[in-house]
Amino acid sequence: MTVMETTSTRTDSCAAPPHPHRRPEGQDSYTISEVVAFTGLTAHTLRWYERIGLMPHIGRSHTGQRRYSNRDLDWLDLVGKLRLTGMPVADMVRYAELVREGDHTFGERFELLESTRRDVLARIAELQDTLAVLDRKISFYADAGRLYEQDKTFEQQKQFEQQKQYEQQKTEKAG
């Protein structure tokens with residue numbers, strides 16, 4: 001039984017958009033190598049997720065090989081998003097435990113995700129400030145580059161004019 005299967009029948013809309021490689025329900029049995037190819041995670045990472053309780057209860061074939069379902073892939077999509085937020089692994093494991101515990105943990109899950117959301121918003125604000133600094137620097141160098149090129153062109157024209165005057169004076173003196 002997977003993390004997603006231990007929850008009530010209430011559907012959480014954490015699933016990613018449909019994926020072309022997904023099989024129909026009931027025929028959705030994926031090997032670890034297929035999941036590696038779909039997710040970009042390593043087999044080691046998938047086994048580690050299972051070991052720490054982030055993805056417990058992965059199905060097994062009659063030979064003991066791991067078999068992942070579409071729900072497991074949905075869960076991995078969510079875990080990937082949580083990783084991108086910077087959520088600590090311990091918090092992700094806690095979230096998985098809360099999901100397995102059932103609907104009475106909605107409040108705790110809400111708080112955990114809301115806290116992560118606040119962290120993400122703070123990080124976005126920090127990145128926007130950083131982007132503004134970069135934009136100012138880029139603008140400065142773009143303007144400075146244009147001015148440098150204009151100055152260089154002006155200097156070249158000035159040198160050309162001076163050379164022309166020198167040549168003209170030289171011709172007048174010789175004549």
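The values are calculated or read from the model by the stated rules, or taken from the named source; none is laboratory data. Quick caveat, the model's predicted, so the values are computed rather than measured. Neighbour counts are summed over all protein chains in view; Cβ atoms, including those assigned to glycine, are modelled from backbone coordinates with ideal geometry. The area values use the complete protein model at the heavy-atom level, side chains included, leaving out ligands, DNA and RNA. Shrake-Rupley method; radii C 1.70, N 1.55, O 1.52, S 1.80 Å.
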Single condition residue 38 does not satisfy, out of (1) under 17 Å from the mean Cα position of the chain (by Cα); (2) among the hydrophobic types (A, V, I, L, M, F, W, C); (3) over 22 Å from residue 25 (Cβ atoms):
(3)
Identify, from the list 109, 136, the residue that is under 30 Å from residue 46 (Cβ atoms) and modelled with pLDDT of 90 or more.
109
In segment 97-121, what residues are surrounded by 11 or more Cβ atoms within 10 Å (Cβ to Cβ) and among the aliphatic types (A, V, I, L, M)?
98, 99, 112, 113, 120
Cβ pairs under 9 Å, 6+ apart or interchain, first in segment 67-86 and within 15 Å of residue 40 (Cα to Cα), second open to solvent by 20 Å² or more (accessible area, probe 1.4 Å) and among the basic types (Lys, Arg), ordered by first then second residue, are 73/22
Every listed condition ((1) surrounded by 10 or more Cβ atoms within 10 Å (Cβ to Cβ); (2) more than 30 Å from residue 86 (Cβ to Cβ)) holds for residue 172 save (1)
Can you run down the residue pairs with Cβ atoms below 9 Å, 6 or more apart or on separate chains, where the first is in segment 123-137 and within 19 Å of residue 85 (Cβ to Cβ) and the partner is among the β-branched types (Val, Ile, Thr)?
123/85
Do we have residue 55 as over 23 Å from residue 22 (Cα atoms) and either out of contact with any Gly (no Cβ under 7 Å at 6 or more places or on another chain) or in a helix (DSSP H, G or I) (or both) here?
no
Of the residues 71, 67, which single one is surrounded by 10 or more Cβ atoms within 10 Å (Cβ to Cβ), touching a helix residue (DSSP H, G or I) at 6+ places or on another chain (Cβ under 7 Å) and of a type outside the set (Val, Ile, Thr)?
71
Those residues that are surrounded by fewer than 16 Cβ atoms within 10 Å (Cβ to Cβ) and either in contact with a Leu (Cβ under 8 Å, 6 or more places away or on another chain) or over 27 Å from residue 117 (Cβ atoms) (or both), I need them from segment 51-64; list them, please.
51, 57, 59, 60, 61, 62, 63, 64
Which members of segment 3-52 meet the condition of being among the β-branched types (Val, Ile, Thr) and modelled with pLDDT of 75 or more?
31, 32, 35, 36, 39, 42, 45, 52
